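Here is the structure we will look at.
FYI, it's all coordinate maths here, none of it is from the lab. Keep in mind that what you see is a predicted model, and the values were worked out from it rather than measured. Neighbour counts are summed over all protein chains in view; Cβ atoms, including those assigned to glycine, are modelled from backbone coordinates with ideal geometry.
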Amino acid sequence: MEAPMKRLILLALLTFNCTFAAADTLTLKPGHPDTYVVKKGDTLWDISALFLKDPWRWPKLWGANPQIANPHLIYPGDRLTLVFIDGEPRLVNKPHVRKSPAGRAQPKGGAIPAVDLALIQPYLVQNRVVDPEWFKEQPMVLGGERDSRHHVMDDIIYIQANLPQGDKVGMYQPGREFTNKESGELLGQEVILSASGRVVESGEISKVKLLNNFRETKAGFRVLAIEDDSLLSAYFIPKASDLEGAKVLASERKIRAMGKLDVFYLDRGNREGVEPGDVFSIYKDGAEVVINGEGIPVPPTERSAYDNLMAKMGSDNAVKLPDLYRGQVMVFKVFDKTALGLIMVNESPVRVDDLLVRPDTLLKGE
């Protein structure tokens, strides 16, 4: 291999390694504390946000400490101290253990979660995205013992199926059908839990007693087994997603502009390797400015038909502006082709079709 080529390869490797090292370096937040005592109601994200510019990177901040190898074991009363190990910031933990008058250790209560469970619990329990044809084949609610179109807790309802007595089931109403705008592929049918119940009598038409209700149950709703993971906790570990091409699919609440702690659907799921804890940065796709015949930039909102034609004719007539940083989202529930994420950081309103990319600080120009 010629010497110039060797030098080019070596330079490329050095550049890659330097870039990776820069991206992997923790950046402390100005004015961060040196110690912090964990309080009831804290979350891993909130505590990390006191120390880091990128709170989702708390596993690296705490990873060197064997006492916090599992960050789920952080409890109210624990004292966290910021130290430096080999030049890298780390949090070390001094566990707080309450003792009874007899000197025996007493339980400290539950470990603090990754995010506020109250924010995502309804979605963990209620929301699913399934194949629409499969959903239509599931047992159907026919009506109830009580003469009403709407059924609530403690009502007995009739199900068009022989269900095993004692089984716990959920009654689901159909929601939106999601499709990929670019490919047209059907991504799934949103179904929303209206109530849970237990089978009290089996037969050709089974009876189910409603144990609780999130909304009224009606004839025509479908019956599904309660998912084992429907009560999963928020004790997952965040990590940067390397997935490319993902976008905001839909707002869970069907609102136009979303902000911090709002929930939305992503257009990727298990099939693409999305997992709970995946973190994405959110960007608005940069606008395309057209250079008109007079050499003046024209924004999309002011283009004429001629300007649009010129933009399609070649790259010399159009310039794409930089993508606009919106914030960050963390995935907490994943389906086959879609997933649910919670907006954790928000600098401007998030909208459908915004881009989802690797949460690298360098992308924000910091």
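Which entries in the list LYS53/LYS284; LYS168/LYS260; LYS168/LYS218 go over 26 Å, if you measure between the two C-alpha atoms of each?
From the list (LYS53/LYS284; LYS168/LYS260; LYS168/LYS218), the Cα-Cα distance tops 26 Å for LYS168/LYS260.
From the C-alpha coordinates alone, can you work out the Kirkwood hydrodynamic radius of the stretch 115-223, in Å?
Evaluated over the stretch 115-223, this radius sits at 14.7 Å.
To the nearest µm²/s, what D does Stokes-Einstein give for the stretch 25-91 at 4 °C and 1.567 mPa s, using the Kirkwood radius over alpha carbon pairs as Rh?
In µm²/s, the coefficient rounds to 109.
Give me the number: length gained by fully extending ASN180 to ASP154, i.e. 0.36 nm times residue separation minus the C-alpha to C-alpha distance, one decimal in nm.
5.3 nm
Between ALA161 and ARG351, what's the calculated FRET efficiency when r is the beta-carbon distance and R0 is 51 Å? Round to 0.05.
Working from the Cβ atoms, E equals 0.80.
For a Förster distance of 45 Å, can you work out the FRET efficiency between the beta-carbons of GLU216 and LEU73, rounded to the nearest 0.05?
0.60
Taking R0 as 51 Å, what FRET efficiency do you get between GLU137 and ARG358 from their Cβ-Cβ distance, rounded to the nearest 0.05?
0.85
Report the label-to-label distance for ASP46 and LEU117 in nanometres (one decimal), using points 7 Å from each Cα along the Cα→Cβ vector.
1.4 nm
Under 12 Å between alpha carbons, and skipping anything fewer than 8 positions from LYS320 in its own chain: which aspartates and glutamates qualify?
ASP285, GLU288
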